[in-house]
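S.K.: Take a look at the following structure, please.
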Amino acid sequence: MNKKVFIRTFGCQMNERDSEVIGGLLKKSGYQISATDKEADVIIFNTCSVRKHAEDRVWSLIGSYKGSKIIGLVGCMAQNYKEKAFERDANISFVVGPQDIDKIPEVLGKILETRGQSPKNGDSPLLLERKIWEADSSIRPEEIYHTGFYQDKNHAYVVISEGCSNFCSYCVVPYVRGPLRHRKSKDILAEIQGAIAQGITRVTLLGQNVNAYLDGKINFNKLLAQVNGLTGLKEFDFFTSHPKDANIDSFKAIRDLDKLVKRLHLPLQSGSDRILKLMNRGYLAKEYLELIDSYRKIVKGGLLTTDIIVGFPTETEKEFKETCNLVKETEFNAAYLFKYSSRPGTQAEKIAGDLSREEKEKRHKQILDLQRDISKKLRHKRSHEKK
Ligand code: 5AD
Ligand code: SF4
């Protein structure tokens, strides 16, 4: 009987795609992918380390399995903890970082091999409890993206670049996913054509900073034009843009390319110049405003969404208000609002002046209420315009 694997995904779209990649590789090696944990022999947690809360949830979930299944910790937490994960929870059998996911079928094969054996005379069964960790690679083989396994019949996430070299001071991503690497445009287009051949008509291009994409002479805007030209593709979008690299040309592409969705996700993070500098974001609030002003002039009626962190170390009430004012002025269609979470190893962790939990929660609630009203107002306006 083929062993059944359940993959549970936490975090961003990049992780959603990584879980499909892992699923595709496991299927190719003869495993079955199951839809729930109940019937599974193996449970893989594909994890996120961006905020502490996400990690805490995974630790408590892993703890709830109590030795009944084979447990694998993969993704960002795996890279963060490496072999220390086994000390944290002895139930974990394997730990595989984001750059090593191609090795998962082999790792799982080795674990299952030893599980099937019974201890020799006098040996402790613990001797057969093999633990394997892989977290040393810096590149992913291109083949992993071509198993043709997508969860959704109509839509595919397609990675265009991996990792990030921006080192925003609060962010763990450059440490766990390594420096920015670009896939070759011909490989990206071949993957999309393969997906189209399976009946997929919508695609989302993924990267931590898609605007920085570069493959020889092919920059992001050229890639967008190439994707737009693919026969059989009906619609596509991309995720995430960085204000320091987003430019007028990409806004013109959103306006001009008929298949590209008229939407931009442009993380602001803070409306205070002092905090933006401490965050190492590389732009001023005024420059952000100018950028979205040109987006709105070029892409008439285009949607705009953002990410914001409140309660960054040393953020004053006045600086928080500057963020609120920018939110009011800009009127984002939606905003993902986060409380700052200190991440081990980042530069921000070293900044003295972390705010109290109560203060972060107070600011978070305030900005949530503000954005909720704005989103509601804009939805109302749009539904009237459609009538
Ligand atoms: N604390 C809170 N939010 C964070 N993000 C990234 N790192 C942290 C952190 N340490 C948020 C940013 C980013 C989004 C994906 O997660 O807003 O854009
Ligand atoms: Fe993290 Fe900044 Fe890179 Fe986004 S751009 S992944 S926030 S370091």
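S.K.: Could you go through segment 85-97 in sequence order and give the Karplus-derived ³J(HN,Hα) for each residue, using 6.51 cos²θ - 1.76 cosθ + 1.60 with θ = phi - 60°, rounded to whole Hz, and x for Gly and Pro?
M.R.: 4, 5, 6, 5, 8, 5, 5, 6, 9, 9, 10, 9, x
S.K.: Would any residue of segment 134-168 have its amide N under 14 Å from a label point 7 Å out along Cα→Cβ of ARG382? List them or say none.
M.R.: none
S.K.: Still on this structure: What number, rounded to the nearest 500 deg cm²/dmol, is the helix-based mean residue ellipticity at 222 nm of the chain, given -39500 (n - 2.57) per DSSP H run of at least four residues and division by all its residues?
M.R.: Details: 13 runs with 151 residues, N = 387.
Using -39500 (n - 2.57) per qualifying helix, the result is -12000 deg cm²/dmol.
S.K.: Could you order the peptides 298-305, 73-80 from most to least packed, using the average number of other C-beta atoms within 10 Å per residue?
M.R.: Values: 298-305: 15.1, 73-80: 26.6.
Highest mean packing first, the order is 73-80, 298-305.
S.K.: So what are the radius of gyration and Dmax for the Cα set of the chain, in Å?
M.R.: Expressed in Å, the Cα Rg and Dmax of the chain come to 22.5, 79.
S.K.: I would also like to ask the following. Please identify which residues in segment 1-18 have an amide N closer than 20 Å to a label point set 7 Å out from the Cα of GLN151, following the Cα→Cβ vector.
M.R.: 4-18
S.K.: Out of residues 5 or more away from ALA246 or on other chains, whose amide H comes under 5 Å of its own, with H placed 1.01 Å from N in the peptide plane?
M.R.: none
S.K.: Amide H neighbours of GLU134 under 5 Å, counting only residues 5+ apart in sequence or on other chains, H built in-plane at 1.01 Å?
M.R.: Hits under the 5 Å cutoff: VAL95, VAL96, GLY97.
S.K.: Another question, if that's okay. Show me, for segment 327-335, the HN-Hα J-couplings you get by feeding each phi into the Karplus relation (A = 6.51, B = -1.76, C = 1.60, θ = phi - 60°), rounded to Hz, glycine and proline as x.
M.R.: 5, 5, 5, 7, 6, 5, 5, 8, 9
S.K.: Right, here's the next one. For the pairs LYS28/LYS222; LYS82/LYS360; LYS277/LYS376; LYS244/LYS386; LYS4/LYS153, flag any whose C-alpha to C-alpha distance is greater than 25 Å.
M.R.: Values: LYS28/LYS222 33 Å; LYS82/LYS360 30 Å; LYS277/LYS376 32 Å; LYS244/LYS386 34 Å; LYS4/LYS153 22 Å.
Distance filter (> 25 Å) returns LYS28/LYS222; LYS82/LYS360; LYS277/LYS376; LYS244/LYS386.
S.K.: Something else about it: What percent do you get for the relative contact order of the chain when only Cα pairs under 8 Å and 6+ apart count? Walk me through the intermediate numbers first.
M.R.: Numbers: 684 pairs, mean separation 43.5, N = 387.
Computed over the chain, the figure is 11 percent.
S.K.: Aspartates and glutamates near LYS131 by alpha-carbon distance under 17 Å, same-chain residues fewer than 8 away left out - which ones?
M.R.: Filter leaves ASP41, GLU83, GLU87, ASP89, ASP100, GLU106, GLU113.
S.K.: For a quick check: sort HIS384, HIS146, HIS364 by the number of other beta carbons within 10 angstrom, fewest at the front. Mind showing how you got there, number by number?
M.R.: Values: HIS384 8, HIS146 14, HIS364 18.
If I rank by nearby Cβ atoms, fewest first, I get HIS384, HIS146, HIS364.
S.K.: So who's got an amide H within less than 5 Å of the one on PHE239, skipping anything under 5 residues away but keeping other chains? H placed 1.01 Å off N, in plane.
M.R.: HN-HN under 5 Å from PHE239: LEU205, GLY207.
S.K.: On to the next question. Per-residue counts of other Cβ atoms within 10 Å, averaged by peptide: what ranking do you get for 310-319, 254-263, 203-212, highest first?
M.R.: Going by the mean number of other Cβ atoms within 10 Å, highest first, we get 203-212, 310-319, 254-263.
S.K.: Next up: For segment 49-56, what does the Karplus curve 6.51 cos²θ - 1.76 cosθ + 1.60, with θ = phi - 60°, yield as ³J(HN,Hα) per residue in whole Hz, taken in order and with x for Gly and Pro?
M.R.: Values per residue, Gly and Pro as x: 10, 4, 10, 4, 3, 5, 5, 4 Hz.
S.K.: Of the beta bridges DSSP finds with both residues in the chain, what % are antiparallel, to the nearest 5?
M.R.: Details: 4 of 45 bridges.
About 10 percent, rounded to the nearest 5.
S.K.: Check cross-link reach from LYS321 to the aspartates and glutamates: straight Cα distance under 20 Å, and skip same-chain residues fewer than eight apart.
M.R.: Hits, sequence-local ones excluded: ASP273, GLU287, GLU290, ASP307, GLU329, GLU331, ASP354, GLU358, GLU359, GLU361, ASP369, ASP373.
None of the figures in this text is laboratory data; all of them are computed from the coordinates on show. Model, not experiment: these values are computed from the prediction. Ideal geometry is used to build each Cβ from the backbone, glycine not excepted, and the neighbour counts take in all protein chains shown.
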